[in-house]
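Take a look at the structure set out below.
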Amino acid sequence: MQKRMFFFLVLFIFVGFKSQINSNLPEAKIIEIKRFLAGKSYNQDLAIFINYKIHSGKYRYFVYDLKNNTILQQAIVSHGSGSVNKNTDVLSFSNTEGSYQSSLGKFEIKESYIGKFGKSYRLNGLDSSNNNAMGRAIVIHSYGCIPDKESQTPACLSLGCPMLSSGAFQQTARFIDSSKLPVILYAFY
């Protein structure tokens, strides 16, 4: 009887943990990316997701193992200053130069380069909602004002780039740099 109760307790904890992950990273988005990747020359085992619906002080950036269905990394990530709507929690998104808004959709993570923020990765927008990313210089980079740990305080704002803490960026860089094929980043709201 005690073994059975222990089993159900462990099962309950696991299911609760899994549903918490799925609320932050919806299964429908994972399935959508798996379908998108099928037969294409992108990494089939790894994808990066940004769920902009989550408060910016919380983990909303996920490096995801598509084969084993597990989160490999979670981090805080910024959004563009132009995405903020005053007196509301609702964000706006754009593909327009000078909007300082984040863009939604699928991005191909391109080559790295050393620039103003150190090592950065260019992003090539693959959807009509983000196909100006290269022209807008939307890149993944680190920035000192992004914290490593969750809090109620919003993350600092970017000019449209997904910015990570230095530690989170270094961890992500290891995943990207070890991939033989380009990795897809999917930003959604």
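The values are calculated or read from the model by the stated rules, or taken from the named source; none is laboratory data. A quick note: this is a predicted structure, and the numbers were derived from the prediction, not measured. Quick reminder, even Gly has a Cβ in these numbers, built from the backbone with ideal geometry, and neighbours come from all protein chains shown. Surface areas here come from the heavy atoms of the whole protein model, side chains and all, with no ligands, DNA or RNA. Shrake-Rupley method; radii C 1.70, N 1.55, O 1.52, S 1.80 Å.
The rows are residues; the columns are (1) assigned to a loop (DSSP other than H, G, I, E, B); (2) of a type in the set (Val, Ile, Thr); (3) out of contact with any helix residue (DSSP H, G or I) (no Cβ under 7 Å at 6 or more places or on another chain).
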residue	(1), (2), (3)
Ser78	yes, no, yes
Gly82	no, no, yes
Glu108	no, no, yes
Glu111	no, no, yes
Ala133	yes, no, yes
Ile146	yes, yes, yes
Gln152	yes, no, yes
Ala173	no, no, yes
Subset of the range 117-131, residues assigned to a loop (DSSP other than H, G, I, E, B) and in contact with a Phe, Trp or Tyr (Cβ under 9 Å, 6 or more places away or on another chain), comes to Phe117, Leu126, Asp127, Ser129, Asn130
For the range 34-47, pairs from a residue that is among the charged types (D, E, K, R) to a residue that is open to solvent by 90 Å² or more (accessible area, probe 1.4 Å) and in a loop (DSSP other than H, G, I, E, B), with Cβ under 9 Å and 6 or more apart or across chains, are Asp45/Lys67; Asp45/Asn68
In the range 58-76, anything over 17 Å from Gly105 (Cβ atoms) and in a loop (DSSP other than H, G, I, E, B) is listed as Lys58, Tyr59, Leu66, Lys67, Asn68, Asn69, Ile76
Can Lys53 be described as free of Cβ contacts under 8 Å to residues at least 60 places away in the same chain, of a type in the set (D, E, K, R) and in a loop (DSSP other than H, G, I, E, B)?
no
**Study point:** Meets criteria (open to solvent by less than 70 Å² (accessible area, probe 1.4 Å), closer than 22 Å to Ile176 by Cα and small (Gly, Ala, Ser)) for Ser99
**Key:** no
For Lys149, the lone unmet condition from (1) basic (Lys, Arg); (2) within 29 Å of Thr88 (Cβ to Cβ); (3) out of contact with any Gly (no Cβ under 8 Å at 6 or more places or on another chain); (4) surrounded by 15 or more Cβ atoms within 10 Å (Cβ to Cβ) is (4)
